[in-house]
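**Student:** Below is one structure. I have some questions about it.
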Amino acid sequence: MIRREEVYKIGRLGKTHGVRGEISFLLDDDVFDRTDADHLILDIDGILVPFFIEEYRFKTDSNALMKFDGIDTQERARELTGCDVYFPRSQADEDETSVYWAELVGYSLIDSNSGKTIGEIASIDDTTINILFELTDGKLIPASDELIQHIDTKRHQIEINLPEGILEL
């Protein structure tokens, strides 16, 4: 069984395309630029299920047409519409010199001054120039390179040097 902490979200499946089982894949991450993936993991009714990739082709930088093994009709592909798509952290963690924002969801934030856990990252808000960590309790923490002291991909922790008083906001 695949556990949530073993994967991170890289996108979502959209509409079907054609009648051969292709489906639009809206990517939030550039995982295909960094590694060769033979399978992806879909969230189907709360269960993480691996699907092997038969083929894919990019329409734009953030949209691809995906064809999974065993999904050969428009009806079968339609059943996957709207599913969140995940990638195994173990394959992404192979290159520890570069960590991508989407991989950090689920990591714990640790205050480098006190050593205390600030919270767990629920999502990354990268819609503006100032990227923010959104924690599970709703707090927003700046995700600035100047503040991040260390990222531990093995323990899934980020040590961050927060400005004084920011947690009281």
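**Student:** Only one of these conditions is not met by residue 159: (1) among the acidic types (Asp, Glu); (2) closer than 21 Å to residue 28 by Cβ; (3) touching a Ser or Thr at 6+ places or on another chain (Cβ under 8 Å). Which number is it?
**Tutor:** Result: residue 159 passes all but (2).
**Student:** Checking the conditions here, which among 120, 159, 146 is surrounded by 15 or more Cβ atoms within 10 Å (Cβ to Cβ) and more than 18 Å from the chain's Cα centre (by Cα)? Write out each step before concluding.
**Tutor:** Values: 120 fails: more than 18 Å from the chain's Cα centre (by Cα); 146 fails: surrounded by 15 or more Cβ atoms within 10 Å (Cβ to Cβ).
Criteria check complete, one pass: 159.
**Student:** Does residue 89 satisfy the criteria of being open to solvent by less than 70 Å² (accessible area, probe 1.4 Å), charged (D, E, K, R) and within 22 Å of residue 154 (Cα to Cα)? Please lay out each step first, then the result.
**Tutor:** Details: open to solvent by less than 70 Å² (accessible area, probe 1.4 Å): yes; charged (D, E, K, R): yes; within 22 Å of residue 154 (Cα to Cα): yes.
Yes.
**Student:** Note down all Cβ pairs under 9 Å where the first residue falls in the range 51-66 and is within 20 Å of residue 7 (Cα to Cα) and at pLDDT below 90, the second is surrounded by fewer than 16 Cβ atoms within 10 Å (Cβ to Cβ) and of a type outside the set (Lys, Arg), and they're at least six residues apart or on different chains.
**Tutor:** These pairs meet every condition: 62/26; 62/30.
**Student:** While we're on this one: For the condition surrounded by fewer than 16 Cβ atoms within 10 Å (Cβ to Cβ) and at pLDDT below 90, what is the one hit in 125, 69?
**Tutor:** Details: 69 fails: at pLDDT below 90.
Checking each option against the conditions leaves just 125.
**Student:** Still on this model: May I ask you to say which residue of 135, 109, 80, 104 is under 30 Å from residue 16 (Cβ atoms) and open to solvent by less than 30 Å² (accessible area, probe 1.4 Å)? Can you show your working first?
**Tutor:** Numbers: 135 fails: under 30 Å from residue 16 (Cβ atoms); 109 fails: under 30 Å from residue 16 (Cβ atoms); 104 fails: under 30 Å from residue 16 (Cβ atoms).
None of the other options fit; the residue is 80.
**Student:** May I pose another question? Name the residues in the range 12-47 that are without any contact (Cβ under 8 Å) to a residue 12 or more places away in the chain and either closer than 15 Å to residue 69 by Cα or hydrophobic (A, V, I, L, M, F, W, C) (or both), would you?
**Tutor:** First pass over the range 12-47, keeping only residues without any contact (Cβ under 8 Å) to a residue 12 or more places away in the chain: 33, 36, 45-47.
Correct list: 47 only.
**Student:** Further question on the same structure: Please return the ranges of strands (runs of 3 or more DSSP E) entirely within the range 1-84 where 1 or more residues are within 17 Å of residue 100 (Cα to Cα).
**Tutor:** 7-17, 22-27
**Student:** Suppose the filter is open to solvent by less than 30 Å² (accessible area, probe 1.4 Å) and at pLDDT 95 or above; does residue 13 pass it?
**Tutor:** Details: open to solvent by less than 30 Å² (accessible area, probe 1.4 Å): yes; at pLDDT 95 or above: yes.
For residue 13, the condition - open to solvent by less than 30 Å² (accessible area, probe 1.4 Å) and at pLDDT 95 or above - is met.
**Student:** Kindly evaluate residue 113 against the criterion of being closer than 21 Å to residue 27 by Cα and at pLDDT below 95.
**Tutor:** Numbers: closer than 21 Å to residue 27 by Cα: no; at pLDDT below 95: yes.
Criteria not met by residue 113.
The values are calculated or read from the model by the stated rules, or taken from the named source; none is laboratory data. All values derive from a computational prediction rather than experimental measurement. Please note: Cβ atoms are built from the backbone with ideal geometry, for glycine as well, and neighbour counts cover all protein chains shown. All accessible areas refer to the heavy atoms of the entire protein, side chains included, with ligands and DNA or RNA removed. Shrake-Rupley method; radii C 1.70, N 1.55, O 1.52, S 1.80 Å.
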